[in-house]
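Take a look at the structure set out below.
The values are calculated or read from the model by the stated rules, or taken from the named source; none is laboratory data. Since we're looking at a predicted model, the values are computed, not measured. Cβ placement follows ideal geometry from the backbone for every residue including glycine, while neighbour counts extend to all protein chains displayed.
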Amino acid sequence: MMKEGLELEAALSCLSWLEKRTADLYGALASRVRDRPISALLRILQRQSLSHKDIIAFIMGVLGMSEAVTGRSVCTSVVGPTAEATEELIEALSKESEPLPPEELRTVFEELEFIESAYGEETYVKITAPLIKAVIDATKEEWKREAVGYLLEEIIREEKFHERLVAEILRRAAEETQ
């Protein structure tokens with residue numbers, strides 16, 4: 001169980017950082033995919049991840065927290081090795097600009113599926129209860145509490161969508177490599 005205060009601020013800051021880096025990952029991958037519809041879907045996921053980062057920044061503001069600059073090492077200690085896996089995948093994709101061959105693309109989508117499932121919906125659900133309690137404790141304004149709840153529900157819904165979409169893209173990539 002997460003302690004309140006600094007640990008919650010660190011968790012939120014890392015979620016913000018991870019959403020930004022996930023958006024970077026989707027963008028890097030979209031640039032390396034030859035299939036235009038898949039590239040377009042990855043750009044949609046990129047924009048949604050950036051939106052999640054903005055939502056987390058809003059929630060942190062409601063709680064009186066600053067969106068501190070958080071890095072790879074801090075987030076690895078807060079959310080686990082998924083942060084490291086995300087960074088490694090971004091670095092690998094950024095080394096070249098040529099479209100990925102089908103077999104390599106399939107491997108990348110398998111890694112992406114792991115990343116989405118590891119800190120997608122599950123991570124948000126884990127922090128929702130302490131986060132809502134912190135919001136209730138921090139503000140007496142009903143609209144802020146409701147807004148935070150709605151925003152978290154939306155992120156969780158979209159994270160489920162991300163997982164399903166990545167799984168579908170992986171299925172398609174697997175079919176193309178057979």
Qualifying residues in region 142-160 (those that are farther than 16 Å from GLY61 by Cα and touching a residue at least 12 places away in the same chain (Cβ under 8 Å)) - the one farthest from the chain's Cα centre (by Cα): GLU154
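Yes/no matrix, rows are residues, columns are (1) touching a residue at least 60 places away in the same chain (Cβ under 8 Å); (2) part of a helix (DSSP H, G or I); (3) of a type in the set (A, V, I, L, M, F, W, C); (4) in contact with a helix residue (DSSP H, G or I) (Cβ under 9 Å, 6 or more places away or on another chain):
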| position | (1), (2), (3), (4) |
| --- | --- |
| CYS14 | yes, yes, yes, yes |
| GLU19 | no, yes, no, yes |
| THR22 | yes, yes, no, yes |
| ALA28 | yes, yes, yes, yes |
| SER31 | yes, yes, no, yes |
| SER39 | no, yes, no, yes |
| LEU50 | no, yes, yes, yes |
| MET60 | no, yes, yes, yes |
Meets criteria (modelled with pLDDT under 70 and assigned to a helix (DSSP H, G or I)) for ILE132: yes
Filtered residues of region 91-113 (kept if in contact with a helix residue (DSSP H, G or I) (Cβ under 7 Å, 6 or more places away or on another chain) and in a helix (DSSP H, G or I)): LEU93, SER94, PRO102, LEU105, ARG106, VAL108, PHE109, GLU110, GLU111, LEU112, GLU113
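Residues checked against (1) closer than 18 Å to ALA23 by Cα; (2) modelled with pLDDT under 70:
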residue: THR70; (1), (2): yes, yes
residue: SER73; (1), (2): no, yes
residue: VAL78; (1), (2): no, yes
residue: THR82; (1), (2): yes, no
residue: THR86; (1), (2): yes, no
residue: GLU91; (1), (2): yes, no
residue: PRO99; (1), (2): no, no
residue: ARG106; (1), (2): no, no
Hey, ALA118 modelled with pLDDT under 85, among the aliphatic types (A, V, I, L, M) and either in contact with a Pro (Cβ under 6 Å, 6 or more places away or on another chain) or farther than 18 Å from ARG32 by Cβ (or both) or not: yes
